[in-house]
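All remarks here apply to the structure that follows.
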């Protein structure tokens, strides 16, 4: 039987294979160490949780690493504004005072009073009840509004 001959190319392949195996074994050792460390930390967490179950109000010093979930206060209901006059009355009085304000001017007045949002819903409500009339004005973006007593007087004079 012939004995296999060792050529320089096969020696290089053997060395690279041996290097690869050595790297894999080193990686395995690092991973095994990391797993042991993870197990150690999980054991500490388990002990801390058990201690909390036994004593729901533990005393801690400043150096303790135990972190509890912060107590969040219950969600507060949004505060409703308290104003001297209703939104309807405020918008209607503003329209009467200003004459022919635009939607933007009415909303600016609304916010200046400290009210949230816009007055658009109030405008629609006043339009439906015919307390105001909308006038299209090509010179401004949006519309102008007139209180109905003024709207009828304007219509009669025209």
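We did not get these values from a lab; they are worked out from the coordinates using the rules stated. All figures in this text were calculated on a predicted structure; none of them were measured in a lab. Cβ placement follows ideal geometry from the backbone for every residue including glycine, while neighbour counts extend to all protein chains displayed.
Over the range 87-157, the reciprocal of the mean inverse Cα-Cα separation, the Kirkwood hydrodynamic radius, stands at 12.1 Å. What FRET efficiency, computed as 1/(1 + (r/R0)^6) with R0 = 35 Å and r the Cβ-Cβ distance, is obtained for residue 140 and residue 79, rounded to the nearest 0.05? Calculated transfer efficiency: 0.55. Net length available on complete extension from residue 19 to residue 45 is 5.4 nm, with 0.36 nm assigned per residue and the Cα-Cα distance removed. The modelled label-to-label distance between residue 124 and residue 32, using points 7 Å beyond Cα along the C-beta direction, is 7.2 nm.
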